Amino acid sequence: MTAALALGDDALVLSHRLGEWAGHAPVLEEEVALANIALDLLGQARVLLSLAGDEDELAYLREERAFRNVQLVEQPNGDFAQTIARQLYFSTYQELLYERLARGTGPFAPLAAKAVKEVAYHRDHAEQWTLRLGDGTEESHERMRRGLDALWRFTGELFEPVEGCEVEWHPLHDAWLTRITSVLERATLAVPEGPRRGGWAAGAGRQGLHTEPFGRMLAEMQHLHRSHPGATW
């Protein structure tokens, strides 16, 4: 199932990226918060990947070109502000998507109905930090601005139609842009300039084309499973 693989890979890859903050978050409270968000996403990934096949084989035995996640979620964490920018963009999109899927009758409705509550927390967490950093010190404002600008070109891919995911993508995009604009205005930040679609924008993850950092992340994520094939714990 194309959509299950795409949405499952989004959740799996972002979960791993957030897990990389373990032991490195700026304050202890964020160690817990980011770990909880990562676990929520991992739970979503397990359900979604199980709809497409064996979850372990799909997570640990596929090659890079077989993954269908958007390029946004595979981007390195960078500093804390860049991680928050990635979370703001993605969790806002994911909440809006799951709200629509939960209202439907398709195979994703049960998961979406449950997960939308988790994702609402993810989005609120990202919003609160965006406001705090954007409207904080000169240094925090500049870091937040840089993070938002660096990831902006990856956001257009979020709204490319996914086969088997029955939602209206243009209204979803418009709702996302309205929410993002509102948050950034309250944080005294400008909506980034630059293309989000077309030749100068990024985004071919749904077709299996990924950025250089993804290969390194995947090698780390799959190392144990590939080193001990068939092992039980």
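The values are calculated or read from the model by the stated rules, or taken from the named source; none is laboratory data. Quick caveat, the model's predicted, so the values are computed rather than measured. Cβ placement follows ideal geometry from the backbone for every residue including glycine, while neighbour counts extend to all protein chains displayed. Surface areas here come from the heavy atoms of the whole protein model, side chains and all, with no ligands, DNA or RNA. Shrake-Rupley method; radii C 1.70, N 1.55, O 1.52, S 1.80 Å.
Numbers below:
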{"read-out": "Of (i) 17.1, 53; (ii) 18.9, 56; (iii) 15.9, 50, the label for Rg and Dmax of the Cα atoms in Å derived from the coordinates", "value": "(i)"}
{"read-out": "Accessible surface of segment 2-227, 1.4 Å probe, proportion on carbon and sulfur as whole %", "value": "53"}
{"read-out": "R0 of 30 Å, Cβ-Cβ distance residue 35-residue 79: FRET efficiency to nearest 0.05", "value": "0.95"}
{"read-out": "Model label zone, residue 160; criterion: amide N under 11 Å from point 7 Å along Cα-to-beta-carbon; scope segment 208-233", "value": "208-210"}
{"read-out": "Gyration tensor (alpha-carbon) shape descriptor, segment 99-148, a/c threshold 1.5", "value": "prolate"}
{"read-out": "Within a Gaussian network of the chain (alpha carbon springs, distance under 10 Å), most fluctuating of 96, 88, 12", "value": "96"}
{"read-out": "At most 15 other Cβ within 10 Å, DSSP loop - GluC sites (Glu not before Pro), segment 61-92", "value": "63"}
{"read-out": "Mean-position separation - Cα centroids, segment 1-20 and segment 120-146, in angstrom", "value": "24"}
{"read-out": "Kyte-Doolittle mean at least 1.0 and Cα axial length at least 27 Å: DSSP H helices in the chain", "value": "28-52"}
{"read-out": "Label-point separation in nm, residue 150 to residue 128, each point 7 Å along Cα→Cβ", "value": "2.5"}
{"read-out": "Extension gain from residue 2 to residue 114, taking 0.36 nm per residue of separation minus the Cα-Cα distance", "value": "38.2 nm"}
{"read-out": "Average accessible area per residue (Å²) across the chain - probe 1.4 Å, nucleic acids and ligands excluded", "value": "48"}
{"read-out": "FRET efficiency, 1/(1 + (r/R0)^6) with R0 45 Å, evaluated for residue 28 and residue 105 via beta carbons", "value": "0.55"}
{"read-out": "Projected label distance in nm at residue 207 and residue 182, using a 7 Å step from Cα toward the beta-carbon", "value": "3.5"}
